[in-house]
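As structure tokens, the structure follows; a few thoughts come after it.
The values are calculated or read from the model by the stated rules, or taken from the named source; none is laboratory data. Worth saying up front: this structure is predicted, and the values here are computed from it rather than measured. Please note: Cβ atoms are built from the backbone with ideal geometry, for glycine as well, and neighbour counts cover all protein chains shown.
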Amino acid sequence: MSHKTALFNPEELLAMQGVDDLDRSRPSPNPFWNRARLELTWSLPKMAGMTEHSNIELQPMREATRDELLSFHDPSYVETLELFSNMGTAFASRFGLDSDECPVFPGVQRYASLPVGSVIDAVMGVAEGRFKNAMSYMGGFHHAMESKAAGFCYYNDTVIAIKKYRERYPEKRVLYLDTDVHHGDGTQMAFYDDPNVLTVSTHEMSMGFFPGTGRPEEIGVGEGKGYSVNIPLPPLTDDFVFWNAFEDVIVPIWLSYKPDFVFWEVGGDAHQSDPLADMMLTYDTYHRMSLTVRQLVQLGTGKLVVVGGGGYDPIATAKIWAIVLSDLADIPLPPTIPAEWIQLAGKFGLNMRRGGWTDRPTRLNDEHYPKVQRAVDDVVSKLRELVFPTFGLA
Ligand SMILES: [Zn+2]
């Protein structure tokens, strides 16, 4: 079996012009589809020399075929996106397209299907032992529904890749772990009645926070009852509270479920600096999470694919994904952030306050901690009651 980590190279996607055209035609940049985010996240491991390391096998991204897309998505939705991809903007609200979050721009069909083909290839490559594990920065578009775009997501790459994996290995079970700050609603929905795909999502839940789903009571239906696990967290959840929930809920469920294959959607938007969310995680928690994921995978079969997901502070997201990649591929991070990359960030108008791989937790007003702790304790006890019995846990 290969000892290499496959890393999907988004340069072909970065070379496309649609996102720049979009930036020019809108008053404010799309938080996801913008040049600074796409370029800075990828340039960091590259400028840090990680992509050249012998533990990495760079892979080209690949557009999903129409048949692959249709394994989950509605044909009229796929046709609509193709059509608008060729024609440019058009009114398509029925499919959630041409909204602020899911704009239509020239080439959007290709942008949206490149992650799908790549994540399928990542899964198959890892399943067949060609790679030890794999990571695609572009992937984890967890809000995409069968016939609706939402929250920067057009096609749901992980749903399609999991379907393909299960088709090839019907006796195998999948764990989909989603620590993006937003609930993995599209992915949960796709496997809501399926006990062979366990979805576990940690996410912020607060008034008006997108997408609004992901309560502990959403546990699946029919045979899938108990196999959707939701850990909603209040704003200002910090490292300590988050980590307790991770250890109290995710670790025991994972150990008991014994998945054959694991997907981890590691959105950088639960970091304390994210402009679209209110959680307070530091880089240390991401690092701890990736080491734990690695360790848990090693206890099982060693099959892991990591997808990038969200994250709207390009600097934090770039660092988080580089930290995860370094753990995944056993490549040490350089002692300091490359100066070249700091310059590139400056070119995009982003100036770094601190230049390292760690950050200090933001000190909150003391009155917040007990409230946050209580809210998360409530969630954990609900989950003990609602889903722990499914896994034979007391
Ligand atoms: Zn997100």
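Figures for the structure shown
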quantity: Subset of segment 319-334 that is closer than 26 Å to residue 240 by Cβ and among the aliphatic types (A, V, I, L, M) - its residue that is farthest from the ligand (Cβ to nearest atom); calculated: 333
quantity: Residues satisfying the stated conditions in segment 283-307, i.e. within 16 Å of the ligand (Cβ to nearest atom) and either among the basic types (Lys, Arg) or touching a strand residue (DSSP E or B) at 6+ places or on another chain (Cβ under 7 Å) (or both); calculated: 306, 307
quantity: Any hit, segment 60-75, residues being under 24 Å from residue 315 (Cβ atoms) and touching a residue at least 24 places away in the same chain (Cβ under 8 Å); calculated: yes
quantity: Extreme residue, farthest from residue 30 (Cα to Cα), among residues of segment 149-158 that are over 12 Å from the mean Cα position of the chain (by Cα) and surrounded by 24 or more Cβ atoms within 10 Å (Cβ to Cβ); calculated: 155
quantity: Residue list for segment 356-394, filter: part of a loop (DSSP other than H, G, I, E, B), buried (at least 17 other Cβ atoms within 10 Å of the Cβ) and aliphatic (A, V, I, L, M); calculated: 387
quantity: Filter result for residue 69 (modelled with pLDDT under 95, over 19 Å from residue 341 (Cα atoms) and surrounded by 20 or more Cβ atoms within 10 Å (Cβ to Cβ)); calculated: no
quantity: Subset of segment 6-32 [touching a Gly at 6+ places or on another chain (Cβ under 8 Å) and not polar (S, T, N, Q)]; calculated: 6, 8, 16, 18, 32
quantity: Pick from segment 25-66, criterion hydroxyl-bearing (Ser, Thr, Tyr) and surrounded by 14 or more Cβ atoms within 10 Å (Cβ to Cβ), ranking: nearest to the chain's Cα centre (by Cα); calculated: 41
quantity: The one condition in (1) within 18 Å of residue 177 (Cβ to Cβ); (2) of a type outside the set (Val, Ile, Thr); (3) within 16 Å of the ligand (Cβ to nearest atom); (4) not in a loop (DSSP other than H, G, I, E, B) that residue 316 fails to fulfil; calculated: (1)
quantity: Evaluation of residue 278 against (1) surrounded by fewer than 24 Cβ atoms within 10 Å (Cβ to Cβ); (2) away from the ligand (no atom under 14 Å from the Cβ) (one fails), failing number; calculated: (2)
quantity: Hey, residue 339 under 23 Å from the mean Cα position of the chain (by Cα) and not polar (S, T, N, Q) or not; calculated: no
quantity: Residue in segment 188-197 that is within 16 Å of the ligand (Cβ to nearest atom), of a type in the set (Asp, Glu) and more than 16 Å from residue 262 (Cα to Cα) present; calculated: no
quantity: Of all residues making up segment 170-185, the number that are crowded, with 24+ Cβ neighbours inside 10 Å and more than 12 Å from the ligand (Cβ to nearest atom); calculated: 4
quantity: The lone exception for residue 141 - which of (1) farther than 18 Å from residue 13 by Cα; (2) within 16 Å of the ligand (Cβ to nearest atom); (3) not charged (D, E, K, R) it fails; calculated: (1)
quantity: Subset tally (residues that are of a type in the set (A, V, I, L, M, F, W, C), assigned to a loop (DSSP other than H, G, I, E, B) and within 29 Å of residue 132 (Cα to Cα)) for segment 235-276; calculated: 1
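This table checks each residue for (1) away from the ligand (no atom under 15 Å from the Cβ); (2) surrounded by 17 or more Cβ atoms within 10 Å (Cβ to Cβ); (3) closer than 22 Å to residue 372 by Cβ; (4) at pLDDT 95 or above.
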site	(1), (2), (3), (4)
227	yes, yes, no, yes
234	yes, yes, yes, yes
241	yes, yes, yes, yes
245	yes, yes, yes, yes
251	yes, no, yes, yes
265	no, yes, no, yes
271	no, yes, yes, yes
274	no, yes, yes, yes
